[in-house]
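J.: Starting off with a structure, shown below.
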Amino acid sequence: MQYSLRFLIWLSFVLPYTLEAQQKTPQQLTRFFTEQDIERNSGYTPLDSSIDQLEIFHPGFRQHVFQDLGNIGSAAQPLRFGITRQTGVNYAANPYEMYFLSPLHTQYINTKAPYSDLFYAQGSNELLLLKIKHAQNINPRWNIGVDFNRTTSQGFQLKQITSLYNYQFFTSYTSKNLRYMMLASTTWNRGINEENGGILSDSVYESLTGASKVVNTRIEGTVSTGAQTRFKSRDAYLKNYYRFGHAYQDINAKDTFYRFTPTLQLSHTLHAHEVSYIFENSGTILDSSLLPNRFYDTGNSTFDSAYFGMLRNTFQANWLSGTTALFKDTGNLRLYASATHELIQVAQPVFIRRFDNVLAEAGAEFYSQSLRKPLLNVRVNSVLSGYNAGDYMLYAEGRLANRYLEGSGRLHLQQFRPDFMMQTFKSNAFIWNNAFDATRVLQTGVSISSRTLRNNFHIHYDRHVLNNWVYYNTDVKPTQHTS
């Protein structure tokens, strides 16, 4: 049985300035914005305080089709095939990223009264999910907030305990003349998960009876002597906007409101990111194919680690046309160009390596005010020099809509160097050194959905042409399909 509870609290008595501000200006809903809203000049979004889909607390179920290891917080991946990936260095697929807080998806709050959101769920097998979010304005132009998530569950099999913590502190500031904006956040994600290697045989379920169906796993041991994975992710994020455009004042009775319409935005982003993984095992392995080798640790125990760190600097120029019309819809036309430098460090048990990348990107976007989506989106980027030199991406998408239907078409062409860990990996159980060719993918797709039916539908079709695709073969080693 599962129980869920959510509280939304607006504490207008916490800060005295709030009461004074409410007397002078009309009451407004608590709202949020993202850095994409700033770049598109699309304004704030009212915070959704409904309890719709309250029961869907597993992030995988919000992706509809996914696979995990049978317990919330365990390694997971979406089953819908896709090639969406950041141009530049990619260390390895992160199987826990689904549960992480990310500075790139931070929602910055704008509120006249301090705001808190509390979500709590519990269920069988010691399931616990706790989410706490609080934000308040220090003054009308400066906001601070905190996000905290706690997830843990014993699972349904032996040695399947998961334990995750997520922390994020964020702040946003806007100058009085609205020509300067600052976004900043610090994020920590960490977890400790037990590993059992999977069950020895799924056919055992045919003979089990009763409510408790305990099966033997491929790794045995106590909590202190078994196998576990420990992972950490840390981010520091700072983005500064310098805006040029038309400033004016809106006088309403005795109040004066400062308005600003940007036409050019220059921004600098500093993003420090690191993630580390540790696998440790001192339990008994019942299936020798699970960890077949002892390259470094000659005893019964195994200790492996992997580390990835990156310092990313991005300078961007963003031009906005203001409200204009396209395809009988109104919105903002945006042209942008950026240059990025990546400084990267990777480490495994027997080596530390450092390298860098220089990237360039340009694009155009028409953002519909009514749909809150881009009607036209074209972007192209390339790695000019460094470890990923020669990587590039071209993406184009168009969308049309009327009262009844919405349709879109897309083209995605990308060439990228396979993940670093697919090329080079040195652990106690597996070692490989590969020199794979660049992977090329061509994706074409269309979508159509209804907008006014009682039970709306969505049809999505994608076609991928893969060249030099790299995958993990049945021997658990990366293999490249060269046709």
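J.: Could you look through the range 311-333, keep only residues that are under 26 Å from the mean Cα position of the chain (by Cα) and open to solvent by less than 20 Å² (accessible area, probe 1.4 Å), and pick out the one that is modelled with the lowest pLDDT?
T.: Asn332
J.: Quick check on my filter: what residues within the range 273-299 are free of Cβ contacts under 8 Å to residues at least 60 places away in the same chain and closer than 25 Å to Ala347 by Cβ?
T.: To start, the set of residues in the range 273-299 that are free of Cβ contacts under 8 Å to residues at least 60 places away in the same chain comprises 273-274, 276-278, 280, 288-289, 298-299.
Result: His273, Glu274, Ser276, Tyr277, Ile278, Glu280, Thr298, Gly299.
J.: The conditions are (1) open to solvent by 60 Å² or more (accessible area, probe 1.4 Å); (2) outside any strand (DSSP E or B), and Leu291 fails exactly one of them. Which is it?
T.: Of the numbered conditions (1) open to solvent by 60 Å² or more (accessible area, probe 1.4 Å); (2) outside any strand (DSSP E or B), the odd one out for Leu291 is (1).
J.: Would you kindly identify the strands (runs of 3 or more DSSP E) lying entirely within the range 423-483 that contain at least 1 residues that are open to solvent by 60 Å² or more (accessible area, probe 1.4 Å), touching a strand residue (DSSP E or B) at 6+ places or on another chain (Cβ under 9 Å) and of a type in the set (Ser, Thr, Tyr)?
T.: Counting at least 1 such residues, we get 458-467, 469-472.
J.: Inside the range 152-211, can you point out the residues that are surrounded by fewer than 15 Cβ atoms within 10 Å (Cβ to Cβ) and among the acidic types (Asp, Glu)?
T.: Passing the criteria: Asp202, Glu206.
J.: Looking at the range 46-69, which of its residues are touching a residue at least 40 places away in the same chain (Cβ under 8 Å) and touching a helix residue (DSSP H, G or I) at 6+ places or on another chain (Cβ under 7 Å)?
T.: The answer is Pro59, and nothing else.
J.: Among the residues of the range 369-389, what is the count of those that are touching a residue at least 24 places away in the same chain (Cβ under 8 Å), open to solvent by less than 30 Å² (accessible area, probe 1.4 Å) and not hydrophobic (A, V, I, L, M, F, W, C)?
T.: 3
J.: Being under 23 Å from Ser42 (Cβ atoms), in a strand (DSSP E or B) and not polar (S, T, N, Q) is the filter here, so list the residues in the range 381-408 that pass it.
T.: At the first step, the residues of the range 381-408 found to be under 23 Å from Ser42 (Cβ atoms) are 381, 395-403, 406-408.
Now drop any that are not in a strand (DSSP E or B), which leaves 381, 395-401, 406-408.
Across the range 381-408, the qualifying residues are Tyr395, Ala396, Glu397, Gly398, Arg399, Leu400, Ala401, Glu406, Gly407.
J.: Being open to solvent by 30 Å² or more (accessible area, probe 1.4 Å) and either farther than 18 Å from Ala236 by Cα or not in a helix (DSSP H, G or I) (or both) is true for just one of Asn137, Asn143, Asn125. Which residue is that?
T.: Exactly one of Asn137, Asn143, Asn125 is open to solvent by 30 Å² or more (accessible area, probe 1.4 Å) and either farther than 18 Å from Ala236 by Cα or not in a helix (DSSP H, G or I) (or both), namely Asn125.
The values are calculated or read from the model by the stated rules, or taken from the named source; none is laboratory data. For clarity, every value in this text was computed on a predicted model and none was experimentally measured. Virtual Cβ from ideal backbone geometry, glycine too; neighbours counted across all protein chains shown. Please note that ligands, DNA and RNA were not included when accessible areas were found on the heavy atoms of the full protein model with its side chains. Shrake-Rupley method; radii C 1.70, N 1.55, O 1.52, S 1.80 Å.
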